[in-house]
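Notes follow once the structure below has been shown.
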Amino acid sequence: MKWLCVVSMLSGLALSPAFAQETPITQGMHAQQRDAFVSNLMKQMTLEEKIGQLRLISVGPDNPKEAIREGIRKGQIGAIFNTVTRPDIRVMQDQAMQLSRLKIPLFFAYDVVHGQRTVFPISLGLAASFDLEAIALSARVAAQEASDDGLNMTFAPMVDITRDPRWGRVSEGFGEDTWLVSKIAKVMVDGFQNGDPAKPGSVMASVKHFALYGAVEGGRDYNTVDMSPLRMHQDYLPPYKAAVDAGSGGVMVSLNAINGVPATANPWLLKDLLRDQWGFKGITISDHGAIKELIKHGVAADARDAVRLAITSGVDMSMSDEFYDKYLPGLVKDGLVAESDIDRACRDVLNTKYDMGLFTNPYVHLGPAGADPQDTNAESRLHRAEARVVARKTMVLLKNDKQTLPLSKQATIALVGPMADSQRDVMGSWSAAGVVKQSVTLREGLERAVGDKARILYAKGANVTQDKGIIDYLNEYEPAVAFDTRSPQQMIDEAVQAANKADVVVAVVGESQGMAHEASSRADITIPQSQRDLIAALKATGKPLVLVLMNGRPLALSWESEQADAMLETWYSGTEGGNAVADVLFGDYNPSGKLPMTFPRSVGQIPMYYNHLNTGRPFGKENPGKYTSRYFDSPNGPLYPFGYGLSYTTFSLSDLTLSSPTMARNGKLTASVTLKNTGKYDGATVVQLYLQDVTASVSRPVKELRNFKKVTLKAGQSQQVELPISEDDLKFYNASLKWGAEPGKFNVFVGLDSDNVQAQSFTLK
């Protein structure tokens with residue numbers, strides 16, 4: 001158990017005060033020194049060299065290495081993305097230091113979202129842990145590995161609030177709850193930057209996608225966003241602000257419009273709000289090709305006009321396209337862009353490089369050439385123990401009838417399903433530099449866990465889908481999905497044969513990782529029919545049926561929940577996924593995860609989220625009524641609510657008490673409840689506290705998460721749980737977008753999920 005102790009120490013370290021942000025005095029001195037240095041450097045730069053600093057490009061067919069070398073020599077490139085090995089990065093940094101006139105170092109960036117070489121569970125899975133220390137640990141390890149690869153920046157965290165599981169990028173975010181995602185945003189930025197992004201082992205964060213990207217209509221990627229200012233400020237902007245307040249050095253600009261103006265051409269968003277109101281001092285980066293897209297948005301007449309809009313609106317760096325380099329000199333010459341706009345953007349880039357420590361040492365994350373790893377993908381570079389510990393915490397037990405789980409290690413187990421033996425799928429999307437062959441499949445994890453004590457009978461059982469069009473779509477850029485050419489019936493027959501020989505059936509079903517990714521929006525969020533046919537055939541055997549879900553979004557699982565004896569949500573659990581899932585299935589770890597997004601019964605209920613506003617005709621479970629907000633052709637309410645998750649043990653809560661029936665201005669009170677483990681297993685659960693502003697100047701949500709505590713108890717053990725409430729927890733934006741708390745009655749709800757709660761109330765004076 002030595003490695004568990006190590007992990008515990010690391011997780012504590014990630015959140016310790018020693019790694020907090022610098023003091024204001026230190027920050028002030030640093031800023032003065034940086035400004036003086038950058039001002040002196042800019043005096044030496046030509047207009048073309050300043051513009052060159054604004055280009056963020058990727059090595060590829062559009063930018064071959066020879067062209068990049070020449071661009072670096074001329075001072076026409078400021079930074080590189082998608083290059084992720086030390087030798088390749090070193091070559092380009094050498095070119096900058098040896099060939100360019102002013103020897104301004106490059107910085108190197110990549111999408112390190114949930115791990116670099118060691119892949120942790122997807123972001124949605126991390127949120128399901130309800131464990132900020134575990135999330136911080138994943139960010140610290142990712143930063144360490146990214147820094148060791150020579151990277152200076154990650155395009156993360158992605159903190160877009162989304163309430164539409166049709167959107168493929170749900171997998172990259174942390175769910176539907178503004179308060180929870182804001183907490184995670186801070187933890188991730190702190191974890192990546194570790195107080196100083198210049199230090200080896202740290203990288204600079206660039207929060208994304210600013211702003212509102214998770215609210216695309218129809219859950220369709222790259223689509224329109226339109227929302228009221230009140231909802232924007234109340235529900236969608238806070239996580240970005242939390243990241244900015246935590247010191248995120250970068251902000252990536254979203255592809256959608258805000259108030260009809262694309263974010264890339266929106267001075268209100270990038271100047272008035274981000275810079276003036278929030279005080280952001282870092283660098284803004286366009287999303288991939290976003291400047292060019294202003295033409296198709298219909299706000300720019302041509303490429304030249306798009307560049308004018310982007311630079312004057314506050315976009316510092318242009319990702320991937322050549323437009324800044326091509327058009328800015330002429331725009332300045334013609335008086336359509338002020339040189340001061342170029343200077344502002346260039347200063348932001350140079351300030352960022354200074355904060356990265358690159359002017360002190362251009363090789364700060366590279367080290368000497370002789371220190372480069374002999375094998376970039378060496379097993380010794382991975383952090384498997386940490387990945388396994390974190391992955392176990394992210395899994396959510398959705399159903400467990402007749403104590404089907406945990407499984408016996410002496411049983412005969414039929415393991416079936418299209419992703420049961422897939423190394424690629426267990427990693428999930430945005431898996432950075434993770435190497436497929438280093439990931440542990442569920443088949444491997446189960447076999448390793450049982451050794452020679454049990455029999456594992458494997459059969460694929462079905463393809464992810466039989467729809468050739470979908471398979472071709474998923475395999476467009478890489479052979480991501482292996483398609484079995486046997487007939488569906490042949491595969492089902494093989495799986496049924498295995499099931500008939502087994503004591504229990506474990507079916508791994510859901511989505512391939514590419515189905516929950518950028519450009520992977522789904523109109524239908526059910527499990528594909530090929531897998532449903534497999535489930536039906538397995539159910540017909542009469543053997544206990546465990547569904548292990550692999551997916552990157554909430555799915556509509558009403559039918560599946562009726563078929564299964566047990567269901568375990570594993571998301572995409574990363575490099576150590578197979579081992580972690582096996583730990584949970586066999587009871588070596590008691591699941592404690594909770595859902596960070598509501599699971600609807602059907603796609604027709606979307607958007608469905610727990611913290612919806614009051615309505616004048618609310619649907620009531622006990623007295624539904626005809627003329628209420630409901631569907632008449634389906635059960636109402638979620639299949640699995642936000643915050644839901646079972647355990648192998650059972651928990652009870654005593655009556656809720658409040659320390660006072662009133663709260664004074666700037667005051668506090670405490671909600672107390674006793675949690676008892678009433679079952680026979682040691683385990684953990686999350687006690688959740690929600691608040692409701694009963695009467696306010698605007699309609700307020702039926703409840704909002706404002707605190708939680710994860711508690712581990714031995715079988716039979718009890719513990720009093722105290723959850724503080726302050727006036728800050730009561731604040732919201734009113735109709736005039738003023739932030740504050742209004743006096744009156746507040747309901748307090750405490751429970752183990754958002755639906756099953758007990759209530760008390762107090763009054764704010």
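The values are calculated or read from the model by the stated rules, or taken from the named source; none is laboratory data. Because the structure is predicted, anything quoted here is derived from the model rather than measured. Neighbour counts are summed over all protein chains in view; Cβ atoms, including those assigned to glycine, are modelled from backbone coordinates with ideal geometry.
For MET663, the criteria (1) more than 17 Å from LEU705 (Cα to Cα); (2) surrounded by fewer than 18 Cβ atoms within 10 Å (Cβ to Cβ) hold in every case but one, which is (2).
Could you check, for the stretch 591-606, whether at least one of its residues is among the basic types (Lys, Arg) and more than 30 Å from GLU704 (Cα to Cα)? No, that holds for no residue. Being small (Gly, Ala, Ser), under 13 Å from ILE525 (Cα atoms) and touching a residue at least 40 places away in the same chain (Cβ under 8 Å) holds for only one residue in ALA580, ALA556, and it is ALA556.
Those helices (runs of 4 or more DSSP H) of the stretch 339-453 that lie entirely within it include none in which at least 2 residues are modelled with pLDDT under 95, in the same structural domain as LYS539 (by TED's automatic domain parsing) and farther than 30 Å from LEU47 by Cβ.
Highlighted here are the helices (runs of 4 or more DSSP H) found entirely within the stretch 115-210 that include at least 3 residues which are under 25 Å from HIS365 (Cα atoms), at pLDDT 95 or above and small (Gly, Ala, Ser): 132-148. If I filter the stretch 178-228 down to residues being closer than 20 Å to ALA31 by Cα and of a type in the set (Asp, Glu), which single residue comes out as surrounded by the fewest Cβ atoms within 10 Å (Cβ to Cβ)? Step by step, filter the stretch 178-228, then rank; the result is ASP196.
Scanning the stretch 538-545 finds no residues that are more than 19 Å from LEU442 (Cβ to Cβ) and buried (at least 24 other Cβ atoms within 10 Å of the Cβ). Taken across the stretch 187-195, residues that are within 30 Å of PRO607 (Cα to Cα) and out of contact with any strand residue (DSSP E or B) (no Cβ under 8 Å at 6 or more places or on another chain) do occur, with at least one present.
Take the conditions (1) surrounded by fewer than 24 Cβ atoms within 10 Å (Cβ to Cβ); (2) under 12 Å from the mean Cα position of the chain (by Cα); (3) closer than 23 Å to HIS612 by Cβ; ASP111 misses just one of them, which is (3). Restricting the stretch 577-624 to residues that are hydroxyl-bearing (Ser, Thr, Tyr) and surrounded by fewer than 21 Cβ atoms within 10 Å (Cβ to Cβ), the residue that is farthest from the chain's Cα centre (by Cα) is THR615.
Just so you know, in the stretch 299-329 the residues that are surrounded by fewer than 24 Cβ atoms within 10 Å (Cβ to Cβ) and either aromatic (Phe, Trp, Tyr) or not assigned by TED's automatic domain parsing to the domain that holds ILE285 (or both) include one that is farthest from ARG55 (Cα to Cα), and it is TYR327.
Answer yes or no as to whether ASP325 is over 28 Å from the mean Cα position of the chain (by Cα), farther than 30 Å from ASP94 by Cα and of a type in the set (Asp, Glu).
Answer is no for this residue.
This table checks each residue for (1) touching an Asp or Glu at 6+ places or on another chain (Cβ under 7 Å); (2) part of a loop (DSSP other than H, G, I, E, B); (3) among the aromatic types (Phe, Trp, Tyr).
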| site | (1), (2), (3) |
| --- | --- |
| GLY247 | no, yes, no |
| LYS281 | no, yes, no |
| GLU293 | no, no, no |
| ARG304 | no, no, no |
| TYR327 | no, no, yes |
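Inspect the stretch 87-97 for any residue being within 29 Å of ALA684 (Cα to Cα) and either part of a loop (DSSP other than H, G, I, E, B) or among the charged types (D, E, K, R) (or both) and give the result as yes or no. No, because not a single residue in the stretch 87-97 is within 29 Å of ALA684 (Cα to Cα) and either part of a loop (DSSP other than H, G, I, E, B) or among the charged types (D, E, K, R) (or both).
Residues checked against (1) touching a Gly at 6+ places or on another chain (Cβ under 8 Å); (2) crowded, with 22+ Cβ neighbours inside 10 Å:
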{"site": "ALA391", "(1), (2)": "yes, yes"}
{"site": "THR394", "(1), (2)": "yes, yes"}
{"site": "LYS399", "(1), (2)": "no, no"}
{"site": "LEU405", "(1), (2)": "yes, yes"}
{"site": "GLY461", "(1), (2)": "yes, yes"}
{"site": "VAL464", "(1), (2)": "no, yes"}
{"site": "SER487", "(1), (2)": "no, no"}
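In the stretch 142-154, the residues that are on the phi > 0 side of the Ramachandran plot reach residues that are surrounded by fewer than 24 Cβ atoms within 10 Å (Cβ to Cβ) and of a type in the set (A, V, I, L, M, F, W, C) with C-beta atoms within less than 7 angstrom, at least six apart or across chains, in these pairs: GLY150/ILE89.
Of the strands (runs of 3 or more DSSP E) that lie entirely inside the stretch 594-712, those containing 3 or more residues that are at pLDDT 95 or above and not hydrophobic (A, V, I, L, M, F, W, C) span 668-677, 683-693.
Within the stretch 748-765, being hydrophobic (A, V, I, L, M, F, W, C) and either out of contact with any Lys or Arg (no Cβ under 6 Å at 6 or more places or on another chain) or farther than 20 Å from LYS676 by Cβ (or both) holds for VAL748, VAL750, LEU752, VAL757, ALA759, PHE762, LEU764.
For THR670, state whether it is among the β-branched types (Val, Ile, Thr) and either loosely packed, with under 14 Cβ neighbours inside 10 Å or farther than 30 Å from MET608 by Cβ (or both). Taking the combined requirement at face value, the residue satisfies it.
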